[in-house]
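What follows is one structure encoded as structure tokens, with my remarks underneath.
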Amino acid sequence: MIIQKEISLKPKSRGFHLITSEIYNHLPELKEIKTGIAHIFIKHTSASLTINENADPTVRSDMETYFNKLVPENATYFEHTLEGKDDMTSHIKNTIIGSSLIIPITNGKFNLGTWQGIYLCEHRNYGGTRKIIITILGER
Amino acid sequence: MIIQKEISLKPKSRGFHLITSEIYNHLPELKEIKTGIAHIFIKHTSASLTINENADPTVRSDMETYFNKLVPENATYFEHTLEGKDDMTSHIKNTIIGSSLIIPITNGKFNLGTWQGIYLCEHRNYGGTRKIIITILGER
Amino acid sequence: MIIQKEISLKPKSRGFHLITSEIYNHLPELKEIKTGIAHIFIKHTSASLTINENADPTVRSDMETYFNKLVPENATYFEHTLEGKDDMTSHIKNTIIGSSLIIPITNGKFNLGTWQGIYLCEHRNYGGTRKIIITILGER
């Protein structure tokens, strides 16, 4: 059984955001799946998806601090600069962090660890709405 | 055909560890799958999974050396510090390296390259047992 | 329905290369799939797969520039040096960027965003032919 849908995530400020609930709200179908996987794919090259700690907000702000140091906007060696200082750095962060997640499904829910949540990592200053394709492969 | 199971990996010291055999030992079912994929997912935010060189142990120790330089524990800009100097850095390494792997299955085995092995990357000083969900989607 | 095949990518120079068309040329079967996912897996530990911007070639050259600074070949702390200065750095880049992609399939095509393309990231100076396993799980 395969279920696929495209959803739009509400615009987020630059930074790392917990979106587990927002994803769940778009997936009433998940309840019907006994065993399977969910593939969550972002159709953009300047925002990323990851799984990380779902409790302390400073983990998310420390992530933003760290990745801004790792991929500095004031680097002088980039040639792709026409779209702003936050563009090439966003592409690089996207390749480091990744465009998709696969999460196991067990008894109608994401089978995440106690401390795991789904993050949208918005790398642009003004990223706008982000489109996500979710594909569920599972059995009832 | 979907097979899903939760396994526990034995506690590992901080560093990069080859776990291909340990995973195989938990998966006698693999022999029955002619074609498919295996999703291997770690339910933690301070240890990661990757695939890399399976022969020379210095590849694994060089990985540990490199990632400790990439995400330095003596950085003064982290706010999430209550759980120890190896905690926020572990979350960052987890987001860089990743929480899950998908490996093709062909004729009852992981279809890995000659030099590829599965690594558990233990980022904490004392990580303990790590829980893994394996989901196989395949055909006999 | 599961389709799996091994393909060989033509040798590429060191750097980041757009391979969306080369992958499509190997996948006439894709047209038959209404909904599903494609798993693209590289059987090597010194070349990677990612998805990123498919238009401006300077994005790809900036990626190469950036990753060479991130993982410097003149570092003196590596022990795995017998296979050349570009070997251990290639393994690290592979673990940062990743060995596999999952792409949603919708109506016989990869459901990528307008600006997304598939990259082969060749980290070795002379990487040669690269073997890829593609596994499609889908419904007609």
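Numerical summary
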read-out	value
Test set (1) touching a helix residue (DSSP H, G or I) at 6+ places or on another chain (Cβ under 7 Å); (2) buried (at least 19 other Cβ atoms within 10 Å of the Cβ); (3) of a type in the set (Lys, Arg) - A:Arg140 fails condition number	(2)
Selection status of B:Pro72, within 26 Å of A:Asn94 (Cβ to Cβ), touching a Ser or Thr at 6+ places or on another chain (Cβ under 9 Å), open to solvent by less than 50 Å² (accessible area, probe 1.4 Å) and more than 8 Å from every other protein chain (Cβ to nearest Cβ)	yes
In segment C:46-69, residue surrounded by the most Cβ atoms within 10 Å (Cβ to Cβ) [restricted to those that are of a type in the set (Asp, Glu) and in contact with a strand residue (DSSP E or B) (Cβ under 8 Å, 6 or more places away or on another chain)]	C:Glu53
Every residue from segment C:104-115 that is part of a loop (DSSP other than H, G, I, E, B), among the polar types (S, T, N, Q) and on the phi < 0 side of the Ramachandran plot	C:Asn111, C:Thr114
Hits in segment A:22-38 (condition: more than 15 Å from the chain's Cα centre (by Cα), in a helix (DSSP H, G or I) and closer than 24 Å to A:Arg130 by Cβ)	A:Asn25, A:Pro28, A:Glu29, A:Leu30
A:Met63, sole failed condition from (1) assigned to a loop (DSSP other than H, G, I, E, B); (2) in contact with a Ser or Thr (Cβ under 9 Å, 6 or more places away or on another chain)	(1)
Test: residue in segment C:106-118 that is more than 10 Å from every other protein chain (Cβ to nearest Cβ), out of contact with any Pro (no Cβ under 8 Å at 6 or more places or on another chain) and under 30 Å from C:Glu83 (Cβ atoms)	yes
Residue identified as away from chain C (no Cβ under 14 Å) and either at pLDDT 95 or above or surrounded by fewer than 17 Cβ atoms within 10 Å (Cβ to Cβ) (or both) among A:Lys34, A:Lys131, A:Lys43	A:Lys34
Of the criteria (1) touching a Ser or Thr at 6+ places or on another chain (Cβ under 9 Å); (2) open to solvent by 30 Å² or more (accessible area, probe 1.4 Å); (3) not in a helix (DSSP H, G or I), which one B:Leu101 fails	(2)
Residue count, segment B:117-128 (criterion: crowded, with 22+ Cβ neighbours inside 10 Å and either touching a helix residue (DSSP H, G or I) at 6+ places or on another chain (Cβ under 7 Å) or not acidic (Asp, Glu) (or both))	6
Among residues of segment A:75-93, those that are aliphatic (A, V, I, L, M) and open to solvent by 30 Å² or more (accessible area, probe 1.4 Å), counted	1
Among (1) at the interface with another protein chain (Cβ under 8 Å from one of its Cβ atoms); (2) over 19 Å from C:Asn125 (Cα atoms); (3) hydrophobic (A, V, I, L, M, F, W, C); (4) open to solvent by less than 10 Å² (accessible area, probe 1.4 Å), the one test that C:Ile96 misses	(2)
Selection within segment A:3-21 - in a helix (DSSP H, G or I) and either open to solvent by 70 Å² or more (accessible area, probe 1.4 Å) or in contact with a helix residue (DSSP H, G or I) (Cβ under 6 Å, 6 or more places away or on another chain) (or both)	A:Ser21
Among (1) within 19 Å of the chain's Cα centre (by Cα); (2) among the hydrophobic types (A, V, I, L, M, F, W, C); (3) in a loop (DSSP other than H, G, I, E, B) - the single one C:Ala75 does not satisfy	(1)
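The values are calculated or read from the model by the stated rules, or taken from the named source; none is laboratory data. Predicted model, so just to flag it, every value in this text is computed and none were measured. Cβ coordinates were reconstructed from backbone atoms using ideal geometry, including for glycine residues, and neighbour counts include every protein chain displayed. Protein only, heavy atoms only, side chains kept; ligands, DNA and RNA dropped before computing areas. Shrake-Rupley method; radii C 1.70, N 1.55, O 1.52, S 1.80 Å.
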